[in-house]
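Chemist: Pasting in a structure now, in structure tokens, and then I'll have a few things to ask.
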Amino acid sequence: MVVRRLFWEAARRVAQNPEVQQKAADMAAQVYLKARPKLENAGRHLSESARDAATEHDPLKDPLGFAKSLKKKAFPPAK
């Protein structure tokens with residue numbers, strides 16, 4: 001319990017350090033810029049898959065069929 005409290009206090013003090021905050025913000029920006037194209041591509045792929053699945057199964061009338069079709073289109077089995 002004492003060790004846990006010491007670690008928590010150390011983490012709190014490090015998090016309050018402006019230099020650490022700036023480095024964390026810079027790192028988060030770099031990660032975001034690197035991941036952004038992949039996230040946008042994944043979003044487009046999922047939207048297209050949902051549209052294709054909706055043409056086969058009406059999501060309101062056949063939600064289970066829609067979900068299965070969406071899963072098949074969005075996440076095809078690995079070969």
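The values are calculated or read from the model by the stated rules, or taken from the named source; none is laboratory data. Values in this document were obtained by computation on a predicted structure and should not be read as measured data. When we count neighbours, we look across all protein chains shown, and the Cβ atoms used for this are built from the backbone with ideal geometry, even at glycine. Calculation scope for accessible area: heavy atoms of the full protein, side chains included, ligands and nucleic acids excluded. Shrake-Rupley method; radii C 1.70, N 1.55, O 1.52, S 1.80 Å.
Chemist: Find all pairs meeting these conditions: Cβ atoms under 8 angstrom apart; at least six residues apart or on different chains; first residue within region 62-79 and surrounded by 10 or more Cβ atoms within 10 Å (Cβ to Cβ); second residue among the hydroxyl-bearing types (S, T, Y).
Modeler: From residues that are surrounded by 10 or more Cβ atoms within 10 Å (Cβ to Cβ), the pairs are L70/S49; K73/S49; A74/S49.
Chemist: Among the numbered criteria (1) open to solvent by 80 Å² or more (accessible area, probe 1.4 Å); (2) not in a helix (DSSP H, G or I), which single criterion is violated by N41?
Modeler: N41 satisfies all of (1) open to solvent by 80 Å² or more (accessible area, probe 1.4 Å); (2) not in a helix (DSSP H, G or I) except (2).
Chemist: Quick one: in region 18-38, which of the residues that are loosely packed, with under 10 Cβ neighbours inside 10 Å and within 30 Å of K73 (Cβ to Cβ) is nearest to the chain's Cα centre (by Cα)?
Modeler: If we take residues in region 18-38 being loosely packed, with under 10 Cβ neighbours inside 10 Å and within 30 Å of K73 (Cβ to Cβ), then K38 is nearest to the chain's Cα centre (by Cα).
Chemist: Among A15, A67, A10, which is the only one that is modelled with pLDDT under 95 and either under 27 Å from the mean Cα position of the chain (by Cα) or aromatic (F, W, Y) (or both)?
Modeler: A15
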